[in-house]
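To start, the structure itself, in structure tokens.
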Amino acid sequence: MYVVSRKDRIVATAYDEGLLWASLLLLGFGLVMVYSASIAMAEADKMTGHQSTYFLIRHALYLGIGGMAALAAFQVPTKVWQQGAPYLFLIGLALLVLVLIPGIGREVNGSRRWIPLVVATLQPSEFMKLFAAMYVADYTVRKAAYMSSFTKGFMPMLGVMLLVGGLLLREPDFGAFAVIASVAISILWLGGINVRIFIGLLAMLVVGFILLIWSSPYRLQRITGFMDPWADPFGKGYQLSHALIAFGRGEWLGVGLGASVEKLLYLPEAHTDFLLAVIAEELGFVGVLAVVLMFAWIIVRAFSIAKEAILNDRHFSALLAQGIGVWLGVQATINIGVNMGLLPTKGLTLPLLSFGGSGIVANCVALAVLMRVDWENRRIAKGMPI
Amino acid sequence: MARAQPIVLLPAWRRRTLLIALLACLTVLLGRAVYLQGMRTDFLQQKGDARYSRTLVLSAHRGMIIDRNGEALAISTPVESVWASPPDVTINTDKLKNLAQLLRIKPSELSKKLENSDREFVYLKRRMPPEEAARVMQLGIPGVFLQREYRRFYPAGDVAAHLIGFTGVDDKGQEGMELAYQDWLSGKAGSRRVIKDRQGHIIEDQEAVKVPQDGRDLSLSIDRNIQYLAYRELSRAVEQHKAKAGGIIVLDSRTGEVLALANQPAYNPNNPVNIAGRSRNRAIVDIFEPGSTLKPFTAAAVLEAGTYRADTMIDTGNGTLTIGRRTIHDAHPAGVIDVAHVIQKSSNVGAAKMALSLQPHTLWNMFNEVGFGESAHANFPGEAAGRLRPWQHWQPIEQATMSYGHGISLSLLQLARAYTIFANDGEIKPISLLKLKEPPIGQHVISSQTAQTVRGMLELVVQPGGTAPKAQVMGYRVAGKTGTAHKLVDGQYASNRYVASFIGMAPASNPRLIIAVMIDEPSDGQYYGGSVAGPVFSAVMGEALRKLAVPQDAPTNNIVIPPEDAQEVKEVV
């Protein structure tokens, strides 16, 4: 008698359908919400030529490019990613250096984060998140033997991270650094780094962050603005107070798709960093809950794909899958936390949803890599060649 | 055995710990969402309303004030106020210059206003003509808006200023009828509670629109033509006699409606600035000692009481009468004269003797019943009641002087109204500043016979030998009385400051109009009521009667000019 177990059934499909649908849903939902959040702004802005569909068209284009990039990335075996990881990381570093060079990097709102190409702009930090995840996963596998050693296991990675951090903070892009640092620490943690080193590292990070924030008045300003937005609601607390009002107006079921008032030029960055506030206003708690559950689902999938990979001794794949899960999860958490006034304003987008070409393409590629790991898991389970 | 691979340890507990930590973070976020979207909603929504909810006032159109024939005396015309929300304004230097030119302000002043970026509402220019405001909007500057307001316009200008008054910047009545009938005229402003986007466009109504209720028109009893006429003649006299002030009232004697009411000095209600001292409607709110114009009431009181008959002779002796420590004087000793001549010659001694024949309360009743000591109830802001002391406290000297209008104060309006008893066969009419549909019922104060008798005596006043031959009107018989009184200054009679007045009616056979003229401190040498106020009366009465097409009751050659060498009949205390 042949019994089809649950595990067998999962193996029976060629790829992770649940993850794919969650990703597509979030991307599609993002397109709708980016349009809704940007209409008024696009219409009022001279830069967009007063076209209400300016951001919709571009976001759709990015989704198309992201989809193609994802299809391409899916074809690449994880082994190749592993071999290429150090080189990709070097490319990423080079881009981070390039973006800082005046004349190459473009400055917007006091941050030098973008490299203008002919038709679009490239945001190196978005891709650096993926490259860093690959590099740290590869590093951890290579240095597995020294994971409990401070000098051989930890110090080299600390040096690399300080370099990346230094470059990112020159832009400045504090949010990207927070995400990359989280990803790196998570992968080291998963790779078995000594618990005492880990705790020491965490303590150091906390102290370092606090020092950074105190040393730079603009970050301090963001901190105080987030602590009490109502103290200076038309100055430092302006953006956050409007985001909070959007949440309050949304209540449980929202004011209805398209009916946000905050997006009518009150809430700055409604289509990028503060997209969730518009979702919260238009679709209420239900909309927020749906977004959070989708991200939870992606994280859970990433971790169970990793578990599957570990069973097959595919350690790089496992660490990379988890790294991607941590990346999307941490970035989403920080963004949502910022929107709700739990964290200081960072300049981080909501992955998969917010407007932004580089972010969308990098997110799509990351998901494709995650699905590639899963696809290879299934092939191995079926005894098929990768 | 593979080289490094087996050493890799990915402990399951570490993976679970991390996963739980990540999911825990998401749970905290959901908790925060529940707090914000389920529990803090009232606070947050109130903050939101403060940012983008606005209550718009929908101004109601203020009613017109029109004269009895429907001619406009006060009109509200729409004007536009230009305002800006400085944070939303984007403007280049060229447009700034254009805008400043259209607003007729300096570009530097304009850019200063627009730099007020912490304010969301700044007036750039108030009350522009709509067509000019439309040109401002054609510039298409974002963040610049119009607000509809109404400006009050007074076509009659100075002429009816005191009666109509004016409104303030907020369209509220400040003076005169504008103030008295504020609620009637203003209507009720409506309101709209709306949500606006950052650029000020209305997105939606938050509650039902409260539609404004336009104000109602107010029909005054004034006849604009007679008003112009009265104002013109009064102004001329005040100027000619270098007087400090003056007032004139034209009453329809049959209805008590005020057909004209003017004062000097006046002001322009279209631009009411620096109007202190000129804005008072002296004819209604100021009181003065009327002097001899009260003698007819004394005569009426004695005729009614029966202590005198029209032909009773009174010995005025050498023109003095001593009561206690004070002595009353006449300007000319008149000897023994009848009541009619007491009026015609304006003999104080004669009037005092008549008054002293009465019980104090009998005289008081007469004064009281014609409305002295009590406001005329014309519903005008600040109407004076005058001063009439209770008879219980009268001294004989007071009773004597009151008979010729001293020791008693009243407004010109009260005096004009009191004269309706002589015009209406004894009936006093209520005063109205509003147009009436039908004549009001009056109150009989004296018998019609007494009224006609006194009216007959008043006709003698304008005849040669009377005090006011200059008050005659061509084609109409006139009955009236002069008054020349020393002014009371700080409780003392000033020897060289006078109030000259004349009050009369025509046609005397069937009176239609009562005109009261008062000139305050004429200072060109002439100060007798007959020569200062009389001509004003004559000019206004003649033209007004012709305008109203009142049939003549005398031939057109009726005016009898006293001989050149005749002595002017003076009256004075």
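No lab work stands behind these numbers, since they all come straight from the coordinates. Just so you know, these numbers come straight off a predicted model, no measurement behind them. No Cβ is skipped: glycine too gets one built from the backbone with ideal geometry, and neighbour counts run over all protein chains shown.
Using only Cα coordinates, the Kirkwood hydrodynamic radius of chain A works out to 21.7 Å.
With the charge dipole of chain B set up from +1 on Lys and Arg Cβ and -1 on Asp and Glu Cβ about the Cα centre, the Cα lying farthest toward the positive end among the listed residues B:V209, B:P430, B:N116 is that of B:N116. Each part reduced to its alpha carbon centroid, the stretch B:10-52 and the stretch B:76-146 end up 45 Å apart. GNM on chain A, alpha-carbon springs under 10 angstrom: the most fluctuating residue among A:V136, A:V261, A:V338 is A:V261. Put in order of Cβ neighbour count within 10 Å, fewest first, the listed residues B:D67, B:D197 become B:D197, B:D67. Taking every residue in A:237-250 and counting other chain Cβ atoms within 10 Å of its Cβ, the average works out to 5.
The HN-Hα couplings worked out from phi for the stretch B:141-150 by the Karplus form 6.51 cos²θ - 1.76 cosθ + 1.60 (θ = phi - 60°) are 7, x, x, 10, 9, 10, 10, 6, 9, 10 Hz, whole numbers, x standing for Gly and Pro. Counting only residues at least eight positions apart within a chain, or on another chain, the lysines with an alpha carbon under 27 Å from that of A:K143 are A:K79, A:K129, A:K152, A:K307.
Counting pairwise Cα distances across the stretch B:88-172, what percent come out greater than 20 angstrom? It works out to 45 percent of all Cα pairs. Comparing A:L188, A:L348, A:L289, which has the greatest mean-square fluctuation in the GNM of chain A with Cα pairs linked when under 10 Å apart? Its mean-square fluctuation being the largest, the pick is A:L289. Toward the positive end of the charge dipole of the stretch B:224-547, with +1 on the Cβ of Lys and Arg and -1 on the Cβ of Asp and Glu, the farthest Cα among B:A355, B:Y498, B:A262 is that of B:A262. Spatial offset of the stretch A:102-142 relative to the stretch B:349-418 amounts to 101 Å, using the alpha carbon center of each. Based on alpha carbons, the Rg and Dmax found for the stretch A:8-131 are 18.3, 57 Å. In the protein assembly as shown, a dipole from Cβ-located charges (positive for Lys and Arg, negative for Asp and Glu) runs towards its positive end, and of B:V517, B:P333, A:G208 it is A:G208 whose Cα lies farthest in that direction. Between A:R142 and B:T320, with labels modelled 7 Å along Cα→Cβ, what's the label distance in nm to one decimal, could you check? Inter-label distance under the simple model: 13.8 nm. Straight-line cross-link partners of A:K263 among the lysines, defined as a Cα under 25 Å from its Cα and at least 8 positions apart when in the same chain: A:K46, A:K236, A:K346, B:K47, B:K196. Among A:S148, B:S357, the ranking by other beta carbons within 10 Å of each residue's beta carbon, starting with the fewest, stands as A:S148, B:S357.
Around the Cα centre of the protein assembly as shown, unit charges on the Cβ atoms of Lys, Arg, Asp and Glu (plus for the first two, minus for the last two) sum to a dipole of about 4460 debye.
Under the rule of -39500 (n - 2.57) per DSSP H run of 4 or more residues, summed and divided by the residues of chain B, what mean residue ellipticity at 222 nm is obtained, to the nearest 500 deg cm²/dmol?
-9000 deg cm²/dmol, from helical runs alone.
Take the Cα of B:I203, step 7 Å toward its Cβ, do the same at B:I20, and the gap between the two points is 4.4 nm. Take the Cβ atoms of A:L117 and A:Q83, set R0 to 25 Å, and the FRET efficiency comes out at 0.35. Which part of the stretch B:215-238 falls in the paramagnetic zone of B:T55, meaning amide N under 14 Å from the point 7 Å along Cα-to-beta-carbon? Label zone hits: none. Here the Gaussian network model covers chain A, with springs between Cα atoms less than 10 Å apart; of A:V255, A:V330, A:V118, A:V118 fluctuates the most.
Each label point was placed 7 Å from the Cα along the Cα-to-Cβ direction; for B:T327 and A:I57 their separation is 11.0 nm. Dipole magnitude for the stretch B:224-547: computed about the Cα centre from +1 point charges on Lys and Arg Cβ and -1 point charges on Asp and Glu Cβ, it is near 580 debye. Its Cα centre serving as origin, chain A has a Cβ charge dipole (Lys and Arg +1, Asp and Glu -1) of approximately 1100 debye. The calculated FRET efficiency for A:V76 paired with A:A231, based on their beta-carbon distance and R0 = 35 Å, is about 0.10.
With contributions of -39500 (n - 2.57) from each DSSP H run of at least four residues, the per-residue ellipticity at 222 nm computed over chain A stands at -23500 deg cm²/dmol. Calculate the FRET efficiency for B:R389 and B:N271 from the Cβ-Cβ distance with a Förster distance of 60 Å, rounded to the nearest 0.05. In this case the efficiency is close to 0.90. Radius of gyration (Cα atoms) of the protein assembly as shown, expressed as a multiple of 2.2 N^0.38 Å: 1.62.
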